[in-house]
Amino acid sequence: MSGHRIGVYVCNCGTNIAKTVKVDEVAEAMGKLDEVAIARSYKYMCSNPGQEMIVNDIKELKLDRVVVAACSPRMHEPTFRKALETAGLNPYFVEMANIREQCSWVHDDILEATEKAKALTHAAVARVAYNEPLEKRSVQMSPATLVLGGGIAGMTAALELADSDQTVYLIERKDVLGGNVARVDLTAPYLDSARDILSELITKTTRHSKINVMLGTELVHMGGFIGNFVCKVKDAEGDETELSVGSVVVCTGYKEFDASRIKQYGYGKFPDVITSFELETMIRKGRITKKDGTLPKYVSIIHCVGSRSEEFNTYCSRVCCMTALKYAHEIKSAIPSAYVDDLYIDMHAFGKGCEDFYRKSSEVKTMFLMYKKNSTPQVKLADPKKDDCSMLITVQEQLSGEEIEIPADLIVLMVGMEPREDSTDVAHLVNISRDKDGWFIESHPKLDPVATTTDGVFIAGACSSPKDIPDSVAQARAASARILARISMGEIWTDAVYAEIDEELCSGCRMCNDLCPYTAIEFDEEKKRSHVISAVCKACGACVAACPSGAIKARHFTDEQIYAQIEGVL
Amino acid sequence: MGFEPRIVGFLCNWCSYTGADLAGTSRVKYPHNIRIIRVMCTARIDPTFVLKAMADGADGVLICGCHPGDCHYVEGNFKAMRRYALLKRTLRDFGIDDSRVRLEWVSASEGVRFAEVVKDMTEKIRSLGPNKVKVELATDAVER
């Protein structure tokens, strides 16, 4: 291999890399390698001046390959590919060395981290010499979209798309639209009626000529790729329908935490210990009572039921604090003589209008009692002869530092949010990942929150983490905007990475045919050779490693590229 | 200076490489000895990649993929698992301690687990001492 002119760019990432890796030393070492025409370090390679530096060098120094030693390729590879295109080079002629996520951020020793950064960058230099010019694939974008889930996020996404005159299939497992919001009376912090919000959405959705609402229906299979998914859905009678769509939005929501898992609260044992959703049902019916029909004198609201706990879910469910304050208002207005106690760990009033709402709740004479994380209050039955209440709650109260006992007739458990039981099945069906708690994972938590690792599949609402209504609606609209942008292109470009079979080398053994999980390999009976349908191939490379004749090439992950990398890191 | 093992990691793009990135964003520390090479799926890993790494002087090879049932490509990790079993046998035939090569499942959310795997593997390889294959290959070449 000879005659390449490689440019190496070592990013400081402010101090993120430069603090642990001697970036100038890495650049200097790379500058001494064969075929490296220039090696520089710079503050922020991804910034405009950083990219311009690469573009100018490509033009002035006639570079034909570029290595950027910086963050993970999952972060900025698209950025630098674009920079190469701007300079007139094939975008696949850039290689990234991950010296931030997999080096400077995980190591402390400057000498060792610098040596490792050199090895990783060296490997990228060795590999890039073998990078081939690849052409992206153009695929037609079907303008139809499948929305999974008919809650507030699903309906919002469907309407946004349909109002732009695009076809939407909205499938919902239950036989009604509305999701979890349909179980709520008023919403915090402005106390608007959830019913008003929903009924308008439901009417619009069901009447829209571009939305095909399919109730009692679930997804049973999804095949294809962005722009060209084929989804099989099944209704309650077991009839299957095939839908051709370009995009999928997953809005499958959450389920509430099962309060009976926390023994101390006696949920399921004491009739007047209820969940927040059970209180909502009472409020919607217009009467807050004990099981025996009488009015409660003492009402206690317990926060963080199943949330922010070492034993159950470590995360915060985000909506319960404000909902609890809403209950304080609702209980006080229904039963003005009632005493309301609010048992919390920390009051999370993070959203717009929430802090004001918290202050107002203090003014309606709610008694706020702080309990310690992981020290669960204990509920027991009161002594009917001695006490004027039916239950007693023992709390290690933090602000006073004392163990106190408070009276209760009705206890409301603020149950947290959990991923639905079927989230594993949904994840497998649409090929997306779940995090340690079971929530669907976004493509990037900050910069790409509604996309997933499967191109064309989006997530919105509480299926990816606990969310309130405004956030769910914003995500639904964001996903729709992403889809509409692609629909407006008509055809879109997808990654040029896929497998190719050299017919000269193929022996026609057909071993690869059955290995392919996507049946992307066809056998030509006349030629007695296999070939890959590139649009269907997803580039896993299973066939490449299996081919006994070495006839299959994984574009951008060739044996030569990986061998060069192995030599480079060692 | 003591023996510092050199470990080559082959990580699948979707779960394990992302998990390793998460270790970084969460600033979870682990030994510097691992050098990661990204592949789309563990099923892409040709056993010759591992043998080449060992022949070129790696003291250990770590293969990481999605947990069974979670593969981005449905069942690529099962293909890797079957090849791994054969690879282990081949290594033993070559006289290489097969514990120098390891297959682990690391999901995209298991940054901490990735760090633990690397830490544990580094210690195990450190106790095994350097891989002599490269030296032996060089001696063979000279003798021939």
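None of the figures in this text is laboratory data; all of them are computed from the coordinates on show. A quick note: this is a predicted structure, and the numbers were derived from the prediction, not measured. All Cβ positions, even for glycine, are placed from backbone atoms using ideal geometry, and neighbour counts span all protein chains on display.
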For this session: Could you tell me how many degrees, from 0 to 90 and to the nearest 10, lie between the Cα long axis of helix A:320-334 and the main elongation axis, the longest principal axis, of the Cα atoms of chain A?
Result: 20
Exercise. For region A:451-494 and region A:384-424, what is the separation of their Cα centres, given in Å?
Worked result: 39
Seminar exercise, completed: Quarter of the surface of the C-alpha convex hull for region A:259-409, i.e. direction-averaged projected area in nm², equals 9.1
Seminar exercise, completed: Given the candidates A:V245, B:F114, A:S361, the one whose Cα lies deepest towards the positive end of the charge dipole of the protein assembly as shown, counting +1 at each Lys or Arg C-beta and -1 at each Asp or Glu C-beta, is A:S361
Exercise. Under the definition of partner shielding as Cβ atoms of other protein chains within 10 Å of a residue Cβ, what is the mean value for peptide B:23-30?
Worked result: 5
Exercise. For A:S549 and A:D108 in the same chain, what is the full-extension length gain: residue separation times 0.36 nm, less their Cα-Cα distance, in nm?
Worked result: 154.2 nm
Exercise. How high is the FRET efficiency between A:Q378 and A:S488 when r is their beta carbon distance and R₀ equals 60 Å, given to the nearest 0.05?
Worked result: 0.50
For this session: Along Cα→Cβ, 7 Å out, is where each label goes; now give me the distance between the ones at A:S47 and B:K124 in nm to one decimal.
Result: 4.5
For this session: Can you put B:W14, A:W439 in order of Cβ neighbours within 10 angstrom, beginning with the fewest?
Result: A:W439, B:W14
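With a cut-off of at most 11 other beta carbons within 10 Å, and DSSP calling the residue loop, which GluC sites (Glu not before Pro) in region A:290-392 qualify? Please list them. Walk me through the intermediate numbers first.
Numbers: sites: A:E310, A:E311, A:E330, A:E355, A:E363; in loops: A:E310, A:E311.
For GluC sites (Glu not before Pro) across region A:290-392 that sit outside H, G, I, E and B with at most 11 neighbouring Cβ atoms in 10 Å, the list reads A:E310, A:E311.
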Problem set entry | Spin-label proximity, A:S244 to region A:486-506 - amide N less than 20 Å from point 7 Å beyond Cα toward beta carbon | A:486-494
Problem set entry | Zone residues, region A:118-162, relative to A:D24, backbone N less than 18 Å from point 7 Å out along Cα-to-Cβ | A:118
Problem set entry | Shielding by partners - mean other protein chain Cβ count within 10 Å, residues of A:515-527 | 1
Seminar exercise, completed: Rounded to the nearest 0.05, FRET efficiency between A:D175 and A:E503 (Cβ-Cβ, R0 51 Å) equals 0.45
Problem set entry | Loop trypsin sites (Lys or Arg not before Pro), region A:250-279 (other Cβ atoms within 10 Å of the site Cβ: 15 or fewer; DSSP) | A:K269
For this session: Using the Cα centre as the reference, give the magnitude of the dipole from point charges on the C-beta atoms of region B:7-143 (Lys, Arg: +1; Asp, Glu: -1; all else neutral), rounded to the nearest 20 debye.
Result: 140
Seminar exercise, completed: With 0.36 nm assigned to each residue of separation and the Cα-Cα distance removed, A:L399 to A:T519 gains 36.8 nm
Exercise. Pairs A:K118/B:K29; A:K116/B:K88; A:K32/A:K62; A:K553/B:K134: which are spaced more than 22 Å apart, C-alpha to C-alpha?
Worked result: A:K116/B:K88; A:K553/B:K134
Seminar exercise, completed: So the angle from the long Cα axis of helix A:194-207 to the longest Cα principal axis of chain A, reported in degrees to the nearest 10, equals 50
Exercise. Mind listing the phi-derived Karplus ³J(HN,Hα) values for region A:230-237, rounded to whole Hz, using 6.51, -1.76 and 1.60 with θ = phi - 60°, and x for any glycine or proline?
Worked result: 10, 10, 9, 10, 10, 8, 4, 6
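Rounded to the nearest 500, what is chain A's calculated 222 nm mean residue ellipticity when only DSSP H runs of at least 4 contribute -39500 (n - 2.57) each, over all residues?
-9000 deg cm²/dmol
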Seminar exercise, completed: Place a point 7 Å from the Cα of A:D387 in the direction of its beta carbon; the residues of region A:259-284 whose amide N falls under 14 Å from it are A:265-266, A:270-273
For this session: With label points built 7 Å along Cα→Cβ from the Cα atoms of B:E136 and A:E85, find their separation and express it in nm.
Result: 5.0
Exercise. Please identify the trypsin sites (Lys or Arg not before Pro) of region A:343-385 that satisfy two criteria: DSSP loop assignment and at most 12 other Cβ atoms within 10 Å. Which are they?
Worked result: A:K352, A:K365, A:K372, A:K373, A:K385
Seminar exercise, completed: With +1 on the Cβ of every Lys and Arg and -1 on the Cβ of every Asp and Glu, the dipole magnitude of region A:499-554 about its Cα centre, in debye rounded to the nearest 20, is 180
Exercise. If one takes the longest principal axis of the Cα atoms in chain A, at what angle in degrees, from 0 to 90 and to the nearest 10, does the Cα axis of helix A:559-569 lie?
Worked result: 80
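Take every DSSP beta bridge with both residues inside the protein assembly as shown and express the antiparallel ones as a percent of the total, to the nearest 5.
Within the protein assembly as shown, antiparallel bridges account for around 40 percent of the total.
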For this session: Using θ = phi - 60° and the Karplus relation 6.51 cos²θ - 1.76 cosθ + 1.60, list the HN-Hα couplings for region A:513-524 in order, rounded to whole Hz, with x at every Gly or Pro.
Result: 4, 7, 6, 5, x, 10, 6, 8, 10, 9, 10, 8
Problem set entry | Contour minus Cα-Cα distance for A:K269 and A:K352 (0.36 nm per residue) | 26.1 nm
For this session: Order by neighbour count: A:E402, A:E526, fewest other Cβ atoms within 10 Å first, most last.
Result: A:E526, A:E402
Exercise. What order, most packed first, do the peptides A:233-245, B:96-108 have when packing is the mean number of other Cβ atoms within 10 Å of each residue?
Worked result: B:96-108, A:233-245
For this session: Give me A:S400, A:S142 ranked fewest to most by other Cβ atoms within 10 Å of their Cβ, as a rough exposure proxy.
Result: A:S400, A:S142
Exercise. Based only on the alpha carbon positions, what is the Kirkwood hydrodynamic radius of the protein assembly as shown, in angstrom?
Worked result: 28.5
